[in-house]
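Report on the following structure.
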Amino acid sequence: MFRTIEWLDESNQVRLVDQTKLPLKVEHVVTDSHKRIAKSIKIMEIRGAPAIGAAAGMGMALAAIESNARTKDEIISYLEKAADTLNTRPTAYNLTWATRRMLNKARSLAGTAEDIIQQLIEEAKEIAEEDVRMCRQMGEHALSLIKPGYTIQTICNAGSLATVHLGTVGGVVRVAHEEYSDIKVYAVETRPRMQGAMLTVFEFMEDDIDVTLITDGMIGTVFRQGRVDCCVVGADRILRTGHVINKIGTYTMAITAKYHNIPFYTVAPWSTIDMETNPEDVIIEERNEDEIRIINDEYVTVPTAKVYNPAFDMTPPDLVEAIITDKGVVKAPTEEKMRKLYEA
Ligand code: MRU
């Protein structure tokens, strides 16, 4: 798979794959504007928690260049505004994590404005490189949980396209597939944005990994028929309590998995782990009602139908058999275990 997002050194621009066009067309957005990056995040040309974190990091670096600042204070004041502009989606922790990291980096630097801007570009590139490394590490840690011949069920897209490269669930599947070539995937289509159908199926087929598409309503049936060995899902935010916030439908999948004794794992890098927020304070993004009313520019319901469209849900820790991170696996997550791993 290609890289979802990259920094172009020769022109100091960012290039990202426009995911709203996939799988039929591979088109890119190329920009030198942090406001354009903010728009890409908002309209989901780039999506998936780690990918929007990397985009926000690069957006901050573009903002530093755009600032035309002559002093460190001028850079910081421009970056503070850019961080607000870039934080266009409230649920994925990686987004605030990345803008905060870039601001902290700027505050810690000394030197001319030019030096500081250059170091901020390097920091944004490092966020992206770290993401690629962490995806591989998560895949390697997950090997202790995946056996030859396993069929892994996932939801939404937590593959290469949701990260810079490889993916969180994508990393687990790809590393397992390198080890045992008979690994298979069931991808849930994931209404209303269809990331499972449009992105997960596309990228696993590109890599010759055996993937089967099912609709959201088929989860219980495929579990009952014994078609799935474990569930591996990504996360937009994981709390210190072990609560997992991920794409709408994840909670239902976790409950159904528990009923059928199918292990339910979540996989995310440390940039997704929020040690501060309490479960009741997490903001779940509610998206436009027409995402549900309209398919392919046609109404599929009464145009004035009342709609509720939360993009994410929260799965409590008692439904999560293990959290796989780049630092290791936390089985039966509790606050104490999360803290221990975080401090280590
Ligand atoms: O609304 P999206 O497409 O940004 O939602 C993405 C997900 O829910 C993913 O599962 C999550 O970000 C993990 S991606 C590695």
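The values are calculated or read from the model by the stated rules, or taken from the named source; none is laboratory data. Just so we're clear, the structure is a prediction, and the values are computed from it rather than from any experiment. Cβ coordinates were reconstructed from backbone atoms using ideal geometry, including for glycine residues, and neighbour counts include every protein chain displayed. Accessible surface areas use protein heavy atoms only, side chains included; no ligands, DNA or RNA. Shrake-Rupley method; radii C 1.70, N 1.55, O 1.52, S 1.80 Å.
Bridges between two residues of segment 137-343, per DSSP, are antiparallel at a rate of about 40%.
Straight-line cross-link partners of K184 among the lysines, defined as a Cα under 25 Å from its Cα and at least 8 positions apart when in the same chain: K147, K247, K258, K331. Mean sequence separation of contacting Cα pairs (under 8 Å, at least six apart), scaled by the length of the chain, corresponds to a relative contact order of 16 percent. Within a straight-line Cα-Cα reach of under 20 Å, K337 can be paired with the following lysines, leaving aside sequence neighbours fewer than 8 residues apart in one chain: K327. Along each principal axis, taking the top coordinate minus the bottom one, the Cα set of the chain gives 65, 51, 40 Å in descending order. Extension gain for L8-T20 works out to 2.1 nm (0.36 nm per residue, less the C-alpha to C-alpha distance).
Protection proxy ranking of 59-67, 330-338, by the mean of other Cβ atoms within 10 Å over each peptide's residues and highest first, is 59-67, 330-338.
Given charges of +1 on the Cβ of Lys and Arg and -1 on the Cβ of Asp and Glu, with all other atoms neutral, how large is the dipole of segment 248-300 about its Cα centre, in debye to the nearest 20?
With Lys and Arg at +1 and Asp and Glu at -1, about 480 debye.
Pairs of lysine residues in segment 5-135 that meet both criteria, 8 or more places apart or on different chains and Cα atoms under 28 Å apart, total 25. Largest GNM mean-square fluctuation across A56, A82, A113, computed for the chain with C-alpha springs under 10 Å, falls on A113. Selection among M205, T301, V173 by position relative to the dipole of segment 137-343 gives V173 as farthest towards the positive end (Cβ unit charges, Cα centre). Considering only P192, I121, C135, the residue lying farthest towards the positive end of the dipole of segment 57-206 is P192, judged by Cα position with unit charges set on Cβ. Peptides 239-251, 198-210 ranked from most to least packed, by the mean per-residue count of other Cβ atoms within 10 Å: 239-251, 198-210. What is segment 231-344 by shape, rounded, prolate or oblate, if you read a ≥ b ≥ c off the alpha carbon gyration tensor as root eigenvalues and call it rounded for a/c under 1.5, prolate for a/b larger than b/c, and oblate otherwise? Taking the square roots of the gyration eigenvalues as a ≥ b ≥ c, segment 231-344 is prolate. The charge dipole of the chain, taken about its Cα centre with unit charges on the Cβ atoms of Lys, Arg (+1), Asp and Glu (-1) only, comes to about 560 debye. Within the same chain, aspartates and glutamates fewer than 8 places from K306 are excluded, and of the rest, those with a Cα less than 16 Å from its Cα are E286, E289, D290, E291. Nonpolar atom fraction for the chain, defined as the carbon and sulfur part of the 1.4 Å probe accessible area, stands at 48 percent.
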